[in-house]
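Worksheet: the structure to be examined is printed underneath.
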Ligand SMILES: [Mn+2]
């Protein structure tokens, strides 16, 4: 299952577990390698404990792996590459979904046996503060911790889980954003969360939310709610998306003023032309330090690609009624 491994940093040979390092998984394809390098560079820069990083990828080139590794600052970390392109997909064959749709559901399978928890982070993020306090949280037996979604705060929110009623969910079941997930592997495995999520992905109930939607259905509200500073979603930065209906004002203010993880959730992304995200400067600062072409050369979508993307979005919105 494992792809060739490109090591970086001072490799930590200690057994996995609490106190000897934090397991972090990111997922990327070739196109997101540069933002992935930005996320990892920021993560390593602020870490106070050893990191065991696993990059789940879709058959990216060896040279791309080397560039990601060369992008990292000095620090105590190991990095391992796992090619998800080799994973068995028979359980879901026949659907329209791509390998990338399942990245989050494989997180538990790509960390060492001895690991008791793992942090998954999207690669459209910058980590601004040490994740050790997050790593040390007691989840009280719940399979995962995440931040409630601003766009889709509840399963019954339009666009979250279309068939919540049929699925037997309470309308007020909170719905999380899956960009930052702290997974406790004991409860995750005991409660068979991944299997339930895969089953949902194969079901006729699936909407447009892919693995995020599947994980929300699979956990059915049985997750630990993190403060929004751990996943600063873009719509929490303005008053127009109803954040005040869901989050206490001090939590919103903290997430706006001093986020631990900035999640550049909406388009344009910081590497796209026209991005006006107020924290874009933080992303650009790290982007200037990674071993990839200048951001200016990568951030523009071609006009054709942009038009195709917009058309696809519009079609999806029409089909799904959102
Ligand atoms: Mn994201």
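Nothing in this text is a laboratory measurement; each read-out follows from the coordinates by a stated rule. None of the values given here were measured: they were computed from a predicted structure. Cβ: placed from backbone, ideal geometry, glycine included. Neighbour counts: every protein chain shown.
With a 10 Å Cβ neighbour count serving as the proxy for reagent exposure, in which order, fewest first, do 67, 273 appear?
Fewest-to-most Cβ neighbours within 10 Å comes out as 273, 67.
How do 267, 62 line up, fewest other C-beta atoms within 10 Å first? Spell out each step's value before the answer.
On the way: 267 15, 62 11.
The order, fewest Cβ neighbours first, is 62, 267.
Within a 10 angstrom radius of the beta carbon, how do 69, 24, 46 rank from fewest other beta carbons to most? Numbers along the way, then the final one.
Details: 69 19, 24 26, 46 16.
Ascending number of Cβ neighbours within 10 Å: 46, 69, 24.
How large are Rg and Dmax for region 118-253 when only the alpha carbon atoms are used, in Å?
Calculated on Cα positions, Rg and Dmax stand at 14.6, 41 Å.
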